[in-house]
Structure formats: structure tokens, C-alpha cells
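The structure appears right after this line, and notes come after that.
Just so it is clear, none of the values below were taken in a lab; they were calculated from the coordinates. The structure displayed is predicted, hence computed values, not measured ones. Reconstructed Cβ throughout: ideal geometry from the backbone, glycine too, with neighbour counts over all protein chains shown.
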Amino acid sequence: MNRNALSFIEASEKIYGVEAILTRDNINEVVKQSSAPYPYWLVTKSEYRFGRGQYKVPASGNNIIQTEQKEEEMEVAYHNVVALRQPKLVDENEPSVPAKYPNYVPFGFFKDMRSIINSQDFYPVFVTGLSGNGKTLMIEQVCAELNRECIRVNISIETDESDLLGGPTLVNGNVVNRDGPVITAMKRGAVLLIDEVDRGSNKLMCLQGILEGKPYYNKKSGEMVYPAKGFNVVATANTKGRGSDEGKYLSQILDDAFLERFPITVEQEYPDAKTEKKILTPLINDKEFVDKLCQWADVVRQTYDQGGTDEIVSTRRLVHIAKAFKIFGDRMKAIELCVNRFDTETKLAFLDLYSKVDASVESPANTSNLAVATEMLGQNND
């Protein structure tokens, strides 16, 4: 990885000079003209951020090389550790039908997903979309409405075959073979929800045959597992399995052979303002605040789509704000607490923007961020 960073720096210097300040378009151009991979280290680490959507390339790769050499040494050391791992296995007695949310508002692909799961045919679905737009909740609520079991497994770069399929584990001092979530879902005829699948490694390839609807031979137990009627697989991701060009998500590039096992890919968008108002209204008894929040979020999203901001206000974040307002009873305090996760510049710009949408609140006194907020609002009123 250190060599990759250095190759990008050298390519950037040839095109834009030493210590160049690059936009994302510039970064993509460097990658396009050279053999260097996309520099996620540049767009994700705060020390290289020069301004909104701008990144300063270091003149020398020495610091990066030293840091990444340490990271590589730590990774090698980690993989050399021999330890007894306890697989994360599903409890056979644990109920797996999701709870039904009385105020859930269906939107997007909900109706079609309901048809697929209700058919009980084996038809894997890949659902992609920006974070916080209700992908996982949609699948869980479809299963809740149909009273179908849904076994969810969250994927990370460390997820391996034993985490998915199961393996030896200690039970009352004895080593026994236990089924993992995938095998359990197959036997029960449940919906297997593979959440954040694009965070996984090539170890997910152990699911190839299962994604084709074929039985699985458990070589550890000698058992042939056949998928029961109703078994299906739904995967969620923030990308389409090809990585994140802008570096917003630490996603992996998934093997085409794995992705080809999903007959359809669904792109989940954020709900429209009318739907979001229905989602927020049961949470807070303040129709005006709900209207202002949805208007504010819409402007931020349009600005994001136009490349004017690196961050976005998701439906999930609007729900967080609504719940914070219910607790504190203060509009601006609720918003500020829930946008604190963004960098200071973005946070202040978002707060200033909201003050322009809602005249009943005061804006943080910051002239430069007021200008940014005004520009956001102006772009979306054109």
C-alpha cells in the first residue's frame, strides 16, 4: 500500500506539480492517466484536506510510507497470531421474525421486495444506496409484515467462512459443531440479510454455491444441507460492489463472479419530502419543524448531488434530529447535536443553512459559513 501511495504522489507531481491542491476531478484524472490506484488515504485523512472538496498532496511520501509500513507490519503480526476464535453463531432458540414498526412508512422498492419474499422463490437481491436511506429497515419490515424469519449478518473485512457457515465451538465444556447464520437460514427457509456486504473480503466467495440455490456440503460435520422452501438472500451495500470512487465509504471491490449471483440490483434513493414528513410526524408534534427539516434536507442533498458539499443529511439523521428535539425541545440544539459528526466547516454551513430555511432560529455567527449556506440555497433556487 505504501508503494501505491508513492506512485500516486509521483503521478500527481508530473501532472500538477509538487504539493498540488487537487479536487476530486483532478484526483480521478491522475488515476486515469497513471497506473496508480485511487488514493483513499488522501481523501479520508483530515491532514490532507485543504478545503471543501480539495486535498493537498504531500511533497514527499516518506511520512506516508513510514505510517503504512507500520500498518502493514501490524497486519502481518495480526495474521500470524494463532488463536482459538469463537464463531458468531445464531442461537437456535432465538426468534428471528423482526418486530413490526407501527409507524413504518413503505416507499421505494418495498412493494416489489414484498412480492419477491412473499413468492418464497429463491431470487437473491442486491440493494445499494447511500447510508441511512432505509435499505435494511425495508427488508426487515417486509419480513415483519409477512411474518417471515429474517436472519441478519453484518459483514466486515474480518468476516470469514466460520462466521457465516459455522464451525466448532465450546458448549458446556465440549467442542461441538454449530451452524452459522447462513446454514441456519437455509434450514429454516428464512430470509438471509447480508448487511454491508461491500465491506467484506474475498472470503465471501464461500457463498457461491448457496447464492445459486444449491445445497451445501458441510465438510466439518459431513452433513448435506438443502435450502428449505422460502430461503432467500438479500444483500445491502452503500456501493455496487465496485468500491467507492470518492472515498466516502471504506468499501471493498467484490469479485464479479460473486456479484453475478444476484439476478437484480436495486438502487434505493432517499424518500421524497412527502414521505419523509410521514416518517417524522409521528416522532414530534410540530408540523412546522417537520416541514422545515425536510426542506433543509432537500437543499443539502441537491447541493451534494451538484458537488457543493462532501456530506449529506440522510433520512436516518432526520429521525435522530426529531428524537433529539423530542428530548430537548430546542430545534437548533437538536440539529447541532446531530450534525456534530461532520467537520466544523460543514457543521456550521449546515446550521447556517437551516437558519435561512427557518427564520425562528438564530444562526451561529460566522460570516464565511453564512456565505457557504447562502450559496447552497442560491444554487437550489435557480
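List the residues of segment 299-325 whose backbone N lies under 16 Å from a point placed 7 Å from the Cα of residue 340 along the Cα-to-Cβ direction.
Residues 320-325 fall inside that zone.
What spacing in nm lies between the two simple spin-label points modelled at residue 269 and residue 359, each 7 Å away from Cα in the Cβ direction?
Result for the modelled spin labels: 3.2 nm.
Taking θ = phi - 60°, what integer Hz values does the Karplus form 6.51 cos²θ - 1.76 cosθ + 1.60 yield along segment 317-333, in sequence order, with x for Gly and Pro?
Rounded to whole hertz, the list is 5, 4, 5, 4, 5, 4, 5, 5, 5, 4, 7, 9, x, 10, 4, 5, 5.
Calculate the dipole size of segment 202-301 relative to its Cα centre from +1 charges on Lys and Arg beta carbons and -1 charges on Asp and Glu beta carbons; express the result in debye to the nearest 20.
Here segment 202-301 has a charge dipole of around 440 debye.
Residue by residue through segment 259-273, which ³J(HN,Hα) values in whole Hz follow from phi under the Karplus form 6.51 cos²θ - 1.76 cosθ + 1.60 (θ = phi - 60°), with glycine and proline marked x?
Per residue, the Karplus-derived 3J(HN,Hα) values read 5, 5, 6, 9, x, 10, 10, 10, 9, 7, 9, 5, x, 6, 4 Hz.
Taking the Cα-to-Cβ direction at residue 283 and at residue 174 and moving 7 Å from each Cα, how far apart do the two end points lie in nm?
The two pseudo-label positions are separated by 4.9 nm.
Going by amide H atoms built from the backbone, whose H comes under 5 Å of the H on residue 178, apart from near neighbours?
The answer is 167, 169.
Output the antiparallel fraction of DSSP beta bridges having both residues in segment 111-240, as a percent to the nearest 5.
Rounded to the nearest five, the antiparallel share is 40 percent.
For segment 190-197, take each phi angle, set θ = phi - 60°, evaluate the Karplus expression 6.51 cos²θ - 1.76 cosθ + 1.60, and give the result in whole Hz per residue in order, putting x for glycine and proline.
These are the phi-based 3J(HN,Hα) values: 8, 8, 8, 9, 9, 8, 6, 4 Hz.
Which listed residue (157, 254, 227) has the Cα farthest towards the positive end of the charge dipole for segment 110-267, taking +1 on Lys and Arg C-beta and -1 on Asp and Glu C-beta about the Cα centre?
The one lying farthest along the dipole's positive direction is 227.
Could you pull out every residue, at least 5 positions away or on a different chain, whose amide H is within less than 5 Å of the one on residue 225? Hs are placed 1.01 Å off N in the peptide plane, and Pro or chain starts have none.
Long-range HN contacts for residue 225: 216, 217, 218.
Under the rule of at least 5 residues apart or a separate chain, name every residue whose amide H is placed under 5 Å from the amide H of residue 54.
Distant-sequence amide H within range of residue 54: zero hits.
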